[in-house]
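Before any comments, here is the structure.
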Amino acid sequence: MALVRPRRGKLIGGVCAALAARFGLPKVLVRLGFVVFGLVGIGELVYIALWILIPKAPV
């Protein structure tokens, strides 16, 4: 399965949903990981970079 941001099932940009689908993890666990890393100060930067780099799923 390719790494693409879904058009449905996303909250903001679909980065966590894309990573969860690609690696077979629950979306909640991936989102929680980004929240924890956000508290440390790097989560926001990684999320924005992945939002730019990961393409949207085709229609």
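General observations
- The residues of region 4-54 that are on the phi < 0 side of the Ramachandran plot, modelled with pLDDT of 90 or more, out of contact with any strand residue (DSSP E or B) (no Cβ under 7 Å at 6 or more places or on another chain) and assigned to a loop (DSSP other than H, G, I, E, B), listed by number, are Leu25, Pro26.
- For Gly43, the conditions (1) exposed (fewer than 11 other Cβ atoms within 10 Å of the Cβ); (2) in contact with a Phe, Trp or Tyr (Cβ under 7 Å, 6 or more places away or on another chain) all hold with the exception of (1).
- Taking (1) free of Cβ contacts under 8 Å to residues at least 12 places away in the same chain; (2) open to solvent by 70 Å² or more (accessible area, probe 1.4 Å) in turn, Lys27 satisfies each apart from (1).
- Considered as a group, the residues in region 1-23 that are without any contact (Cβ under 8 Å) to a residue 24 or more places away in the chain, more than 17 Å from Phe34 (Cα to Cα) and among the hydrophobic types (A, V, I, L, M, F, W, C) include one that is most open to solvent (accessible area, probe 1.4 Å), and that residue is Met1.
The values are calculated or read from the model by the stated rules, or taken from the named source; none is laboratory data. All of these numbers come straight from a predicted model, not from anything done at the bench. We place every Cβ from the backbone using ideal geometry, glycine too, and count neighbours over all the protein chains shown. Heavy atoms of the whole protein, side chains included, go into the accessibility calculation; ligands, DNA and RNA do not. Shrake-Rupley method; radii C 1.70, N 1.55, O 1.52, S 1.80 Å.
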